[in-house]
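Worksheet for the structure shown next.
The values are calculated or read from the model by the stated rules, or taken from the named source; none is laboratory data. The structure presented is a predicted model; accordingly, all values stated were derived computationally and were not measured. When we count neighbours, we look across all protein chains shown, and the Cβ atoms used for this are built from the backbone with ideal geometry, even at glycine. These area figures cover heavy atoms from the full protein model, side chains too; ligands, DNA and RNA do not enter into them. Shrake-Rupley method; radii C 1.70, N 1.55, O 1.52, S 1.80 Å.
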Amino acid sequence: MSSLFICLYLDEDVNVLIAELLRARGFDAVSARDAGQLHATDADRFAYAVSQGRTIVTHNRVDFEELVQAYFDSGQMHYGVIFAVRRSP
């Protein structure tokens, strides 16, 4: 894929099959399992995504909205969050 596409980090709530399906379509997608981030806190996952220049994909809107707000309030940069609706892969 072109470098215009974002790099994705799928948190533990998102089925690992989604990352595999995205990669099969040519997207740069890494799951929490792929990254060795299973059982990490949401804050740690968000920090990992930021450190890797990745947009996080999650079903966990409430907690990640708070993290995004905290980053915004402190002037920290991040690469975005995609709040996905939970559906079967």
For the stretch 1-18 the number of residues that are open to solvent by less than 40 Å² (accessible area, probe 1.4 Å) and either more than 17 Å from G53 (Cα to Cα) or at pLDDT below 95 (or both) is 2
Which one of these does L22 not meet: (1) open to solvent by less than 60 Å² (accessible area, probe 1.4 Å); (2) touching a residue at least 24 places away in the same chain (Cβ under 8 Å)?
-> (2)
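Which count do you get for residues in the stretch 66-76 that are assigned to a helix (DSSP H, G or I) and hydroxyl-bearing (S, T, Y)?
1
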If you take the residues in the stretch 66-88 that are among the charged types (D, E, K, R) and at pLDDT 90 or above, which one is surrounded by the fewest Cβ atoms within 10 Å (Cβ to Cβ)?
-> D73
Report whether or not A49 is free of Cβ contacts under 8 Å to residues at least 40 places away in the same chain, more than 17 Å from V85 (Cβ to Cβ) and either open to solvent by less than 70 Å² (accessible area, probe 1.4 Å) or not in a helix (DSSP H, G or I) (or both).
-> no
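Any idea how many residues of the stretch 52-65 are in a loop (DSSP other than H, G, I, E, B) and either surrounded by fewer than 18 Cβ atoms within 10 Å (Cβ to Cβ) or among the hydroxyl-bearing types (S, T, Y) (or both)?
Adding up the residues that qualify gives 3.
Limited to the stretch 25-67, what total is found for residues that are of a type in the set (A, V, I, L, M, F, W, C) and more than 11 Å from L8 (Cβ to Cβ)?
11
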Within the bounds of the stretch 32-43, is there any residue that is among the hydroxyl-bearing types (S, T, Y) and surrounded by 18 or more Cβ atoms within 10 Å (Cβ to Cβ)?
-> no
Test for Y79: is it within 18 Å of C7 (Cβ to Cβ) and assigned to a loop (DSSP other than H, G, I, E, B) | yes
